Amino acid sequence: MEPATLSPDNTGSLRPEPPGGHIPGEAGVWILLFGEMTFFALLFGSFLLYRTSDIAGFTASQAHLSKAVGLTNTLLLLTSSLFVAKAVGAASRGDTGSAPRLFRFGLACAIGFIALKGFEYYELLERGIVVNSHVFFSFYFGLTVLHLGHVVIGSVLLGAMSVATGKLLTKPSHIALIESGGCFWHMVDLLWIIIFALLYLVE
Amino acid sequence: MDKSFHASTRSQRFLVWLTIVLAVVFAISYVGLMRFFPPPPASLSAEEVAPLYSEHNIRFRIGVIFGLISGGFLVPITIVISLQMARLEKGVPIWAILQALTGVVGTVFVWLPVLVWGVASFTAERAPELTLLIHEFGWLLFITPLSLFPMQLLGIIVVAFTKDEPDGHSAFPRWMGYLTAWQLVQSFGGPIAVLFKTGIFSWAGLLPFWAPFALFSAWLAAICYTVLRALRHQQQLAATGG
């Protein structure tokens, strides 16, 4: 096993490699990530449980959602995740030029996601579809509003990280924090993919 | 580190224990006397809500008395957390001030609902619709106000990630920063309860009640533990003149 070092390793990272392998971010952030994912898993489980009692009603309600809008939002988040992954890599190599730019590209996708979600809500409300139209829509609004809150928090983090990575990060703990922020964004992306599958695709 | 922020570690430990004792009293009155655990469903009609207060009326009102006495249980720990934050901040401890003020004002939303439920139980024989109104007011007051709590948590997160103190000696190890960040992210479920009367998004459901309840209990226990551990360390430092 290689000793911990602050010089760039073969991946070009400035972060010392702890013995036993590299945990993305740091151990602590997984309290947040696993915690949030467990919590969402309970919500998804409740959705499937409610769905079994009224599959016809859920399918009929689902037809009101636009798969194209959902898919566009999925692509936006996947693209932003790619930018963020590249940005975190750039930040850990000490590339103060491209890291902030890549974070801003990721943020632009996130803003696109938020705008499209707003459009989708507006469209549904125009057609008179609200939270109590059907249990399906209770879940639709509940899950997507909650997820949207995560997107907003994540966007604030992306903005903060684009500012922070404009300067060279020298402390390993700062790079760990950037990696943790990136992991949070990937989690937001992952949760959306499951929400997209459950609300728009399951038949 | 600014020495002027050092307060008696003994007083701080006393305040942490005051929080723990009051929280236990609050839990007993809330769970055992008011019997609001699990919460009554948000979909109850006026005729279903009235008996919550008229049956066992005296037991309920004794619960209200103890709830009113202990409802400020978050204030002592809030102050100690801010003192511990101020030790670690450079210059004017702005995050400690934010944490203290939002924590103290935020405690109103723990304490005041008890008084509102007290009003509901005070004249239990009134028209059921009136009791329903005050009952719903109390519950929405308890579950949905959010604005201050995330600000309070934000200060703790910032200090946990920027401090210059080894994790083992600090009241805010990095994992506490992440646990608090989780609590912040999670807390946004509360206001959603305004939209729902049934299911997991209603005030008696998984999202606004059970998840925040479980996480908040764990978070409070964790921060009491890390603060007491940090105070023990500071006491040793003071004893050895370090």
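The values are calculated or read from the model by the stated rules, or taken from the named source; none is laboratory data. This is a predicted model, so every value here is computed, not measured. A quick note on method: Cβ atoms are made from the backbone with ideal geometry, for glycine too, and the neighbour counts reach across all protein chains shown.
Count, please, the residues in the range A:150-203 that happen to be among the basic types (K, R) and in contact with a helix residue (DSSP H, G or I) (Cβ under 6 Å, 6 or more places away or on another chain). The number of residues fulfilling the criteria is 0.
For the range B:185-198, residues that are at the interface with another protein chain (Cβ under 8 Å from one of its Cβ atoms) and not in a loop (DSSP other than H, G, I, E, B) total 4.
Identify all residues within the range B:83-130 that are touching a Phe, Trp or Tyr at 6+ places or on another chain (Cβ under 9 Å) and among the charged types (D, E, K, R); write none if there are none. Passing the criteria: B:R87, B:E89. Within the range B:126-167, the only residue that satisfies the criterion of being more than 10 Å from every other protein chain (Cβ to nearest Cβ), closer than 23 Å to B:R232 by Cβ and free of Cβ contacts under 8 Å to residues at least 40 places away in the same chain is B:P166.
Within the range B:206-242, track down each residue that is among the small types (G, A, S) and more than 9 Å from chain A (Cβ to nearest Cβ). Result: B:A214, B:S217, B:A218, B:A221, B:A222, B:A230, B:A238, B:A239, B:G241, B:G242. Against the list (1) surrounded by fewer than 16 Cβ atoms within 10 Å (Cβ to Cβ); (2) under 22 Å from B:P38 (Cα atoms), the condition B:I134 fails is (1). If the condition is being modelled with pLDDT of 95 or more, β-branched (V, I, T) and farther than 17 Å from A:L190 by Cα, then the range A:130-159 contributes only A:V156. In the condition set (1) more than 7 Å from every other protein chain (Cβ to nearest Cβ); (2) outside any helix (DSSP H, G or I), B:F201 is compliant with all but (1). Within the range B:95-144, the residues that satisfy the criterion of being more than 21 Å from B:P76 (Cβ to Cβ), assigned to a loop (DSSP other than H, G, I, E, B) and not charged (D, E, K, R) are B:T123, B:A124, B:A127, B:T144.
So that you can scan it fast, the table gives a plain yes or no per residue for (1) surrounded by fewer than 21 Cβ atoms within 10 Å (Cβ to Cβ); (2) touching a residue at least 60 places away in the same chain (Cβ under 8 Å):
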site: A:G149; (1), (2): yes, no
site: A:M161; (1), (2): no, yes
site: A:G166; (1), (2): yes, yes
site: A:K171; (1), (2): yes, no
site: A:H174; (1), (2): yes, no
site: A:W185; (1), (2): no, yes
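In the range B:82-99, the residue that is farthest from the chain's Cα centre (by Cα) out of those that are closer than 13 Å to B:L154 by Cβ and of a type in the set (A, V, I, L, M) is B:I94.
Residues of the range B:37-63 that are among the polar types (S, T, N, Q) and under 30 Å from A:N132 (Cα atoms): B:S43, B:S45.
Results for (1) closer than 26 Å to B:P208 by Cβ; (2) away from chain B (no Cβ under 11 Å); (3) aliphatic (A, V, I, L, M), shown as yes or no for each residue.
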{"position": "A:F141", "(1), (2), (3)": "yes, no, no"}
{"position": "A:L146", "(1), (2), (3)": "yes, no, yes"}
{"position": "A:V151", "(1), (2), (3)": "yes, yes, yes"}
{"position": "A:V156", "(1), (2), (3)": "yes, no, yes"}
{"position": "A:M161", "(1), (2), (3)": "no, yes, yes"}
{"position": "A:T170", "(1), (2), (3)": "no, yes, no"}
{"position": "A:H174", "(1), (2), (3)": "no, no, no"}
{"position": "A:L190", "(1), (2), (3)": "yes, yes, yes"}
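Scanning the range B:145-178 for residues that are within 13 Å of B:G106 (Cβ to Cβ) and surrounded by fewer than 21 Cβ atoms within 10 Å (Cβ to Cβ) gives B:P145, B:L146, B:S147, B:L148, B:F149, B:P150, B:M151, B:L154.
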